[in-house]
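See structure below.
Any read-out appearing in this document is the output of simple, stated calculations on the displayed coordinates, not a laboratory observation. Everything quoted here is computed from the prediction, not taken from an experiment. Please note: Cβ atoms are built from the backbone with ideal geometry, for glycine as well, and neighbour counts cover all protein chains shown.
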Amino acid sequence: MRERRGDLSPREFAASVRRAAREIGEHVSCDARYIGRIESGEIRRPNYAYERVFRHMFPGATLSDLGFTPRGESRRPAVLPAPRDEEIDDVQRRTFLAGGPLAVVTALTWDTPAQAQGSAAARAGRTTPSAAVPGTTAFPESAGPADPAGPVGLAGSALGPDPGTLPPLNARVGLREVREVESAVRQIRLLDDVHGADTLFERAGHTLRTAYQLLNCGTYTARVEQRLQASAGELAISVGWLAHDSGRLAEARSLYAEALATARMAGDAALEAHAFCNTAFLARDAGRPREAVRAAQAARSAAAGLGSARLESLLALREAGGWALLRDRGSCVKALGEARTAFEQGPSGADPEWMSFFNEAELAGLTAQCWAALGEFESAAGWAERAIALQPTHFVRNRTLYTAELAHDQLGHGAIVDAAVTGMSAVSLLAQVRSTRIRGMVSATAERMRQHQKVPEVSDFLEQYRMALAS
């Protein structure tokens, strides 16, 4: 690949990759860093989108010709994201079992904006009973010393674990380890709210791998097992969402299925409802509306005894999204009404922790998507405007999402100038968000607006979008 780049800088070459992707209808977030990871050998095999782009750029070249490992030689189970390097991954697995959950937090820690840290305290409620993973009992951080962890007990050590130490197969797992897995779930959600999924997925995949290693190979009490199953399932859903938001839909589907299997084995209705909820959303985005409706209805059935009106509201919205794609206006409007009625009952102590994102703005945003799918773009635009106005400023990812939705809806009902101005706002926010899904929405709007590029505002939007892609 270094030879193919020739005299182009990594940044220039990345821009040519993005241009080639647009030529064949793909969307890749290629930058100079990605090119560097390829040329250093860190990326041994591109995903399928990049493979199609490279084959378009270099007709007749195989993966081996481009310096990659052929797929048949590096296949791994689809249920978990492939690690960047087998040797490193093996060390990380040994490190986790030798050094305890310190590796979970280390795997995901980097600089987080100050406003996000403040938001974490408000939303996660880490020292209150409501901070527990749904279906479990909370054990606040200040609840006293953790259970002895036997050979897994280096958590909290400033020195960290010794990667050369191999623990016994039946390493002891206690509440300390469970709390660290739960903490990793919260951190993923927090960072996704701020950054989007693309930069988180691989790191979070390593964390999920180690959590299931604890569940499958550790020894623990029945009390610990219940919480560990719930937290591992929630972690699978969180990583599945990162896969979904970064365009890895097949991997997301597999991860949600893993979480659902964990829920069924544990008899955990809250986890089952969450897994079906995300499956419904994924099915809608993947163009499988009937599956979206069925999954949402299964989620509503699982959640029936949980006592959370806000959860019932979100699941009704998931069902409405499927009906909207099927163009069943009556069923969609009925589900939207049920969602609004349940939402207006207000929050309660039964609301799952993972639903911290579900506020009035999210309700408006999902409603906008339903009206857009029904083809009623003027109504959709009104709801999208409401979503933007209600969304807290530090949730950059969702503000970008709603702004992209508004541009799409304005264009849908013929407000071309408004759509261009809104599109420029979305582009200005993209630099702060790593979400293939959101970038794809902006890209689709830009493509549809090219036929209006003689309009000055549209021309300005397209130029700003082009510069953003090249940067």
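Some observations on this one:
- Both radii are taken from the alpha-carbon atoms of segment 2-73; with Rh as the Kirkwood radius, Rg/Rh is 0.92.
- The length gained on full extension between Q453 and V333, counted as 0.36 nm times the residue separation minus their Cα-Cα distance, comes to 39.6 nm.
- Oblate is the label for segment 375-471, because the ratio a/c of its alpha-carbon gyration tensor axes (a ≥ b ≥ c) is 1.5 or higher and a/b is not greater than b/c.
- Modelled spin-label separation between E378 and S40, with each label point placed 7 Å from Cα along the Cα-to-Cβ direction: 5.4 nm.
- For segment 401-411, 3J(HN,Hα) per residue [Karplus equation, 6.51 cos²θ - 1.76 cosθ + 1.60, θ = phi - 60°, Hz, x = Gly/Pro]: 4, 5, 5, 5, 4, 5, 4, 4, 6, 5, 5
- Where trypsin sites (Lys or Arg not before Pro) fall in DSSP loop in segment 394-471, at most 13 other Cβ within 10 Å: K454
- For segment 268-347, radius of gyration divided by Kirkwood radius, i.e. Rg to Rh on alpha-carbons: 0.96
- Only one residue of Q297, Q345, S308 has its Cα farthest out toward the positive end of the dipole of segment 268-347, where Lys and Arg carry +1 and Asp and Glu -1 on Cβ, and that residue is Q297.
- Summed residue charge, Cβ within 11 Å of R4's Cβ, Lys/Arg positive, Asp/Glu negative: -1
- For segment 311-361, taking the reciprocal of the average inverse distance between every pair of different Cα atoms yields a Kirkwood hydrodynamic radius of 11.4 Å.
- Amide H contacts under 5 Å for T219, placed H, 5+ residues apart: A171, R172, V173
- Neighbourhood charge, 10 Å Cβ-Cβ cut-off, centred on L374 and excluding it, Lys, Arg +1 and Asp, Glu -1: 0
- Projected label distance in nm at D7 and E463, using a 7 Å step from Cα toward the beta-carbon: 2.8 nm
- Full extension of the chain segment joining T341 with T69 gains 92.6 nm, where the gain is 0.36 nm per residue of separation less the Cα-Cα distance.
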